[in-house]
Amino acid sequence: MGSLDACRRLFLQLIIRTTSMREIGKYTPGEIESKWYSHWLDNKYFHAEVSDKEPYTIVIPPPNVTGVLHMGHMLNNTVQDVLIRRARMLGLNACWVPGTDHASIATEAKVVKRLREQGIKKSDLSREDFLKHAWDWTDEYGGIILKQLRRLGASCDWDRTAFTLDEVRSEQVIDVFIDLHQKGMIYRGLRMVNWDPVALTAVSDEEVIHKEENSRLYYMIYKIEGSDEALQVATTRPETIFGDTAVCVNPEDERYQHLKGKKAIVPLVGRAVPIIFDEYVDIEFGTGALKVTPAHDTNDQMLGEKHNLDVIDVFDQHAALNEHGGEFAGLDRFDARKKVAKALEEAGLLVDTKDLRNKVGRSERTDAVIEPRLSMQWFLKMSDLAKPAIDGVKSKDITLHPPHAEKTYLYWMENIKDWCISRQLWWGHRIPAWYDAEGNVAVCKTKEEAVAALGTDAVHQDEDVMDTWFSSWLWPYSVFSGNQEEEDYFYPTNTLVTGQDIIFFWVARMIMAGYEFKGKRPFKDVYFTGMVRDKKRRKMSKSLGNSPDPLDLIDKYGADGVRVGMLMTAPAGNDLLFDEDLCSQGSFFANKVWNAFRLVGMWEAGSQGLSASESLSVQWMRNRIGEALVELESSFEKYRLSEALMTTYKLVWDDFCSWYLEMVKPAKGEQISAEALDATKSIFNTLLEIMHPFMPFITEELWQNLAERGEGETINFAAWPTLKVEDQAILKSYAHFAEVVSGVRTVRNENGIAPKEMLTIEIAEDTAHDPAFDALIMKLANVEAIAIVSEVKKSAFSFVVGGINYTIPADAFVNVEDEIAKLEEELNYTQGFLKSVEKKLSNERFVSNAPEAVVASERKKQADAEGKIALITQRLEALKG
């Protein structure tokens with residue numbers, strides 16, 4: 001071991017040797033968690049300031065101010081906390097910045113709902129009065145989720161808590177809007193947008209979720225003006241006929257060549273519209289004739305602009321038919337669809353309907369069916385912003401984990417569209433644009449600037465606010481806004497932990513903002529967690545009743561148990577199939593460690609020196625820890641946190657609790673050597689430090705009780721262990737030893753030999769058995785002797801480890817002759833059973849005609865019988881010699 005490691009171990013052993021472990025009672029996670037979290041906060045252990053240490057920064061994905069803790073938050077924040085706690089122990093200046101997002105659509109909906117319950121309509125309030133209600137609501141409920149994260153053990157720098165709509169962040173967002181407008185990248189125009197008729201606002205393409213749904217295709221008759229001829233037109237939206245301004249067919253479609261220059265009559269409406277020809281129309285879909293409604297379909301709008309068609313908007317903001325709908329005016333679009341279809345049928349203008357499966361766009365926030373709508377909106381040009389963000393990921397300036405996320409990221413970035421950044425809401429960052437009576441616009445910070453720019457006092461500000469993501473895309477550096485020294489020190493950040501579902505909403509935009517406004521990446525690594533699903537692979541939701549309350553889980557299993565449970569099956573980027581049994585397993589693990597501490601605390605040290613077995617055990621355990629630390633380093637580097645947890649879990653549960661403690665445990669009434677006890681406490685200390693990022697509460701409690709600590713000393717800042725593998729041979733020898741012990745235990749289990757019965761192991765002379773672990777084999781396997789013999793007994797149980805045959809004489813435990821007779825009878829029966837099964841399976845008619853499950857069952861019977869015959873034969877050979 002290096003001199004630094006040796007010095008550290010000697011110092012630790014000196015501390016441990018001069019103090020005794022405190023006695024601890026029953027494990028009560030709730031009390032421990034409350035005690036230590038308060039202590040950590042009181043001592044500001046999580047606060048970071050600019051220093052000469054290397055920084056390690058994570059910014060929390062700001063949860064909606066409307067939010068409460070759910071299972072996705074639990075996973076995401078557990079991962080972040082593991083990374084930040086380990087960074088602290090590595091000696092880095094770890095800074096985890098928390099905060100919340102103002103969530104324009106969600107928060108405004110919550111406030112409107114509460115006002116409605118109070119008998120108040122939003123439309124009856126001024127903007128200022130409504131915002132007062134919104135701020136009151138935010139002040140009342142806005143911090144709930146951050147308080148809940150403390151129960152999980154989140155070691156955030158709470159002094160740095162930020163809010164996307166606070167004064168500092170708001171000023172920065174306004175400055176960015178003005179900057180981009182001055183660069184010619186923000187523009188205003190009439191465009192087809194995704195209109196959410198429930199939230200009453202435009203939403204971006206990324207906020208639209210497309211789902212396969214059942215629909216219907218309606219075949220309608222459009223009569224040709226001035227003739228008895230008619231066209232059949234297929235549509236999924238008969239309620240939009242009031243906005244039809246053309247019928248379009250493909251110029252290659254022979255069926256309609258004679259209709260050039262003609263007009264069609266819109267059914268029920270009676271309006272004559274031109275028949276136009278365009279390659280856009282799919283000859284094979286429906287009838288090959290398309291109704292064109294430029295105000296309510298993106299592709300129809302394209303056709304309308306190309307062919308100079310009229311545009312008739314037939315819906316109001318609630319997606320109900322307006323005055324253009326005639327007798328159907330005021331009807332919701334879906335009610336109107338049914339009634340228009342019925343009217344068409346009664347008029348003899350509906351000839352057929354067919355069921356159809358098609359993709360329907362729904363609002364990510366409200367689940368309302370999106371209505372394409374022409375609207376004056378603000379847009380941000382994205383193509384130039386995307387280029388450095390694409391290069392940054394391709395060049396590995398930024399690395400995405402898991403790697404397959406890169407393909408998704410690049411596909412979207414290389415096909416990016418302009419971003420609609422205006423929202424028809426009041427809660428949010430108001431667009432800094434001002435208009436005069438003639439509609440001239442000035443983009444500036446204040447009304448005074450607008451008056452000067454427009455040359456008139458009669459100016460009014462744009463009513464819209466910016467998309468929520470327009471503020472959160474600045475998050476990695478905006479949290480340090482106003483302090484250039486801190487921004488230069490903590491930015492760029494190190495790791496972003498988030499869900500792949502917002503790779504476009506947020507991750508890609510932050511990368512673009514980082515390169516555009518700071519000239520550097522916003523973070524080095526992006527770790528994508530998967531979605532938390534139930535064990536049936538269903539998304540968790542309140543309606544399905546499959547989403548447990550995280551705080552209830554913490555109450556039941558302790559925060560450490562829940563953290564372990566969440567990470568046990570959380571591979572990067574892949575969905576986590578959550579099962580509450582995992583939290584139970586995490587709780588069992590915590591109890592196992594707690595009881596191990598109590599066990600060691602009961603041992604008494606004697607005056608004898610370190611025995612050979614104790615020395616061997618200690619050396620093996622230290623080397624095993626060194627081996628595990630190499631595995632952990634690799635897992636952390638690759639962001640395989642589930643693997644890192646399992647390495648830790650097995651190291652503590654299997655290697656330390658199940659093996660090492662049994663190897664050094666003194667016999668009843670005896671004492672352990674003082675040196676072995678000190679070494680064991682030192683090893684325990686190291687294991688607690690390795691466990692700490694995953695299980696912060698129990699490790700702090702046990703670490704503090706393991707030895708006398710200095711004033712203000714905490715495991716949070718304990719140095720990450722640095723043990724190295726110094727003796728590969730001892731690891732190999734241990735593996736052999738463990739297999740021998742397991743082999744003896746298997747012989748006992750298979751032959752009904754009680755654990756308390758002393759056994760003898762015989763090994764033929766001239767074999768390569770290493771006697772170094774013999775004393776430990778005898779102790780753990782309850783063996784009274786390991787004898788080297790010229791010839792092993794014929795009537796013996798045997799097993800092979802590493803090419804060496806280990807035999808246990810059977811005479812003392814079984815009547816050999818009776819056992820042979822019993823086994824031969826069992827062998828004859830099993831051979832007969834196997835023949836009957838093989839006969840059935842050799843029958844081709846049976847195999848061909850029987851159900852697949854029945855055939856599979858017979859094949860399993862065959863395999864089981866063959867395995868049993870092999871085992872009986874082996875035991876007979878051992879007994880007969």
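The values are calculated or read from the model by the stated rules, or taken from the named source; none is laboratory data. As the structure is a computational prediction, the values presented were derived from the model and not from experiment. Neighbour counts are summed over all protein chains in view; Cβ atoms, including those assigned to glycine, are modelled from backbone coordinates with ideal geometry. The accessibility values were calculated without ligands, DNA or RNA, using every heavy atom of the protein model including side chains. Shrake-Rupley method; radii C 1.70, N 1.55, O 1.52, S 1.80 Å.
For this structure, a couple of remarks:
- Positive-end residue of 125, 740, 688, charge dipole of the chain with Cβ unit charges: 740
- For segment 145-213, the solvent-accessible area works out to 41 Å² per residue, with a probe of 1.4 Å and every protein chain left in place.
- Set of segment 178-213 residues, backbone N closer than 14 Å to the point 7 Å along the Cα-Cβ line of residue 435: 188-191
- What the Cβ-Cβ distance of residue 396 and residue 488 gives, at R0 = 22 Å and to the nearest 0.05, is a FRET efficiency of 0.40.
- Proximity of backbone amide H atoms, modeled 1.01 Å from N, is registered between residue 797 and 808, 810 at under 5 Å, excluding neighbours fewer than 5 places apart on the same chain.
- Here is the list for segment 181-284: GluC sites (Glu not before Pro) lying in DSSP coil, each with at most 15 other C-beta atoms within 10 angstrom of its C-beta, are 225, 229, 252, 279, 284.
- Accessible surface area normalised per residue over segment 469-579 is 36 Å², counting heavy atoms of protein chains with a 1.4 Å rolling probe.
- Length released on extending from residue 852 to residue 788, taking residue separation times 0.36 nm less the Cα-Cα span: 17.6 nm
- The chain: relative contact order in percent, alpha carbon pairs under 8 Å with at least 6 residues between: 13
- Binning the C-alpha pair distances of segment 412-480 at 5 Å intervals from 0 yields a P(r) profile of 3, 16, 19, 17, 17, 14, 8, 5, 1 %, listed from the shortest bin outward.
- In this view, the solvent-accessible surface of residue 733, computed with a 1.4 Å probe and all protein chains in place, comes to about 40 Å².
- The chain: C-alpha gyration tensor shape, a/c 1.5 cut-off, then a/b vs b/c: oblate
- Estimated distance in nm for a label pair at residue 873 and residue 414, the labels positioned 7 Å out from Cα along Cα-to-Cβ: 5.9
- Modelled spin labels at residue 746 and residue 544, positioned 7 Å past Cα toward Cβ, are 4.1 nm from each other.
- Exposure ranking of 159, 136 by accessible area [1.4 Å probe, largest first]: 159, 136
- Evaluating 6.51 cos²θ - 1.76 cosθ + 1.60 at θ = phi - 60° for every residue in segment 375-386, the Karplus couplings come out as 8, 7, 9, 9, 10, 10, 5, 10, 4, 6, 5, 6 Hz, glycine and proline recorded as x.
- With the simple spin-label model, which puts each label point 7 Å out from Cα in the Cβ direction, the residue 282 to residue 258 separation comes to 2.8 nm.
- Gyration tensor verdict on segment 495-642 (Cα atoms; rounded if a/c is under 1.5, prolate if a/b is larger than b/c, oblate otherwise): oblate
- Using a Förster distance of 30 Å, the FRET efficiency for residue 727-residue 591 (Cβ separation, nearest 0.05): 0.40
- Surface accessible to a 1.4 Å probe, residue 378 within the full protein complex, Å²: 10
- Computing FRET efficiency as 1/(1 + (r/R0)^6) for residue 124 and residue 329, where r is the C-beta to C-beta distance and R0 is 22 Å, gives about 0.35.
- Net length available on complete extension from residue 44 to residue 815 is 270.4 nm, with 0.36 nm assigned per residue and the Cα-Cα distance removed.
- For the set 445/518; 668/724; 394/417; 338/417; 732/779; 183/306, the pairs lying more than 25 angstrom apart at their alpha carbons are 668/724; 338/417; 183/306.
- Summing charges over neighbours of residue 330, with a neighbour being any other residue whose Cβ is under 15 Å away from its Cβ, gives -2 when K and R count +1 and D and E count -1.
- Accessible area ranking (1.4 Å probe, heavy atoms, ligands and nucleic acids excluded), largest first, for 89, 540: 540, 89.
- Per-q log10 I(q)/I(0), segment 668-732, q = 0.13, 0.14 Å⁻¹ (Debye; single scatterer per alpha-carbon; no solvent): -0.47, -0.54
- Each Lys or Arg adds one and each Asp or Glu takes one away; over the other residues whose Cβ falls under 12 Å from the Cβ of residue 509, this sums to -3.
- The sum of -39500 (n - 2.57) across all DSSP H runs of n ≥ 4, divided by the residue count of the chain, sets its helix-only mean residue ellipticity at 222 nm to -13500 deg cm²/dmol.
- Neighbourhood net charge (15 Å Cβ-Cβ; Lys/Arg +1, Asp/Glu -1) for residue 409: -1
- Our summary gives segment 816-881 a relative contact order of 52 percent, counting only alpha carbon pairs under 8 angstrom and 6 or more residues apart.
- Total charge dipole magnitude, segment 591-726, about the Cα centre, Cβ charges on Lys, Arg, Asp, Glu only, Debye to nearest 20: 300
- Here the gap between residue 205 and residue 845, fully extended at 0.36 nm per residue and compared with their Cα-Cα distance, gives a gain of 224.5 nm.
- The chain - percent of accessible surface contributed by carbon and sulfur, probe 1.4 Å: 49
- Segment 135-214: C-alpha gyration tensor shape, a/c 1.5 cut-off, then a/b vs b/c: oblate
- Average 1/r across all pairs of distinct alpha carbons in segment 417-558, invert it, and you get the Kirkwood radius: 19.1 Å.
- DSSP beta bridges confined to the chain are antiparallel in about 65 percent of cases.
- Between the Cα long axis of helix 728-751 and the first principal axis of the chain there is an angle of about 80°, rounded to the nearest 10.
- For residue 381, the accessible surface of its heavy atoms amounts to roughly 90 Å² (probe 1.4 Å, protein chains only, rounded to the nearest 10).
- Proximal aspartates and glutamates relative to residue 132, as straight alpha-carbon distance under 15 Å, when same-chain residues fewer than 8 apart are discounted: 108, 124, 140, 166
- Across the options 837, 820, 799, the greatest Cα extent toward the positive end of the charge dipole of segment 794-881 (unit charges at beta carbon of Lys, Arg, Asp, Glu) belongs to 837.
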